[in-house]
Amino acid sequence: MKRTVMFAAAALLSGFVLGTLFGSGALTSGESAVLTAAAAGVGTPIPMAGSPDNPPAATVTPLDPEDDTLLLERAGQVLEAMKAADYGALAALVSPVSGVTFTPYSTVNAEVDLCLTARQVAGLGTDDTIYVWGLEDGTGEPIRLTGEDYFAQYVFNTDYTQAPSLSVDQVQASGNAMENVAESYPEARFVEYYFPGLDPEMEGYDWCSLKLVLQPEQNDWYLVGVIHGQWTI
């Protein structure tokens with residue numbers, strides 16, 4: 001009998017406490033969830049995604065390979081790195097998968113054109129190695145130059161940041177050398193910087209161009225080809 005009375009008293013006390021907590025108004029669903037979790041000994045509930053305490057994860061916008069804006073922006077970054085002879089900055093833009101292939105005369109030839117990794121590009125400023133970059137127009141002799149000498153003659157032979165004409169995926173001028181950039185890089189796009197001539201007295205026979213071939217990798221554009229164009233015999 002004594003045990004029964006003690007149990008009834010405890011029940012009455014519990015009802016009084018709950019009545020004080022809840023009052024006469026109904027709890028919101030959020031309050032109910034918190035109280036229920038606390039009563040069950042679960043602890044503080046995990047904030048819902050999107051709340052100030054748990055913001056949603058940032059979403060990465062997929063690269064649109066048809067969008068010229070980012071393509072041209074990346075090409076501009078490549079040009080600026082070349083102009084400054086900043087090989088470290090240039091290397092950061094080179095494909096980490098395939099490296100970058102240098103073509104001295106418009107026609108891409110994977111058998112003779114030199115391909116360098118990003119690491120090799122980064123060291124060109126202090127690299128005295130004589131590389132074979134391809135074959136010289138007219139003579140067919142190997143082009144043997146250091147990286148800096150090759151850039152001076154077959155890459156940034158003039159300031160292409162000041163080129164009067166620019167095109168995307170379109171060759172603006174060609175000589176006797178076959179233009180095969182699209183066939184050689186089917187997964188890539190290119191930006192061409194073109195000078196119709198450097199010396200007026202040459203009447204256009206000294207035209208030159210620089211094609212930067214960029215390929216989408218890891219949701220970004222990376223440099224995979226550098227093609228120098230000029231009038232050839």
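The values are calculated or read from the model by the stated rules, or taken from the named source; none is laboratory data. Note that the structure is predicted; figures quoted are calculated from it, not measured. No Cβ is skipped: glycine too gets one built from the backbone with ideal geometry, and neighbour counts run over all protein chains shown. Please note that ligands, DNA and RNA were not included when accessible areas were found on the heavy atoms of the full protein model with its side chains. Shrake-Rupley method; radii C 1.70, N 1.55, O 1.52, S 1.80 Å.
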Residues of segment 72-98 being farther than 13 Å from Leu212 by Cα, touching a residue at least 24 places away in the same chain (Cβ under 8 Å) and not in a helix (DSSP H, G or I), in sequence order, are Ala85, Ala92, Pro96, Val97, Ser98
For segment 200-213, how many residues meet the condition of being under 18 Å from Gln162 (Cβ atoms) and in a strand (DSSP E or B)? 5
Tabulated pairs, segment 176-199, first under 24 Å from Thr161 (Cα atoms) and free of Cβ contacts under 8 Å to residues at least 24 places away in the same chain, second in a loop (DSSP other than H, G, I, E, B) and among the hydrophobic types (A, V, I, L, M, F, W, C), C-beta under 8 angstrom, 6+ apart or interchain: Gly197/Trp207
Conditions (1) open to solvent by 60 Å² or more (accessible area, probe 1.4 Å); (2) out of contact with any strand residue (DSSP E or B) (no Cβ under 7 Å at 6 or more places or on another chain); (3) closer than 28 Å to Asp67 by Cβ -> Glu179 fails only (1)
Leading residue by the ranking (farthest from Gln218 (Cα to Cα)) among those in segment 99-118 that are assigned to a loop (DSSP other than H, G, I, E, B) and touching a residue at least 40 places away in the same chain (Cβ under 8 Å): Tyr105
Does Asp68 qualify as being at pLDDT 95 or above, under 25 Å from Asn180 (Cα atoms) and charged (D, E, K, R)? yes
May I ask you to verify whether Phe102 is out of contact with any Gly (no Cβ under 8 Å at 6 or more places or on another chain) and of a type in the set (Phe, Trp, Tyr)? no
With the requirement that a residue be open to solvent by 30 Å² or more (accessible area, probe 1.4 Å) and under 20 Å from the mean Cα position of the chain (by Cα), what does segment 100-117 give you? Cys115, Thr117
Within segment 129-170, of all residues that are touching a residue at least 12 places away in the same chain (Cβ under 8 Å) and at positive phi, the one surrounded by the most Cβ atoms within 10 Å (Cβ to Cβ) is Gly134
Please count how many residues of segment 119-166 are among the β-branched types (Val, Ile, Thr) and not in a loop (DSSP other than H, G, I, E, B). 6
Could you please let me know if Asp220 is without any contact (Cβ under 8 Å) to a residue 12 or more places away in the chain, closer than 30 Å to Gly125 by Cβ and of a type outside the set (Val, Ile, Thr)? no
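Can you find a residue in segment 203-212 that is closer than 19 Å to Thr101 by Cα, in contact with a His (Cβ under 7 Å, 6 or more places away or on another chain) and in contact (Cβ under 8 Å) with a residue 24 or more places away in the chain?
Yes, the conditions are met somewhere in segment 203-212.
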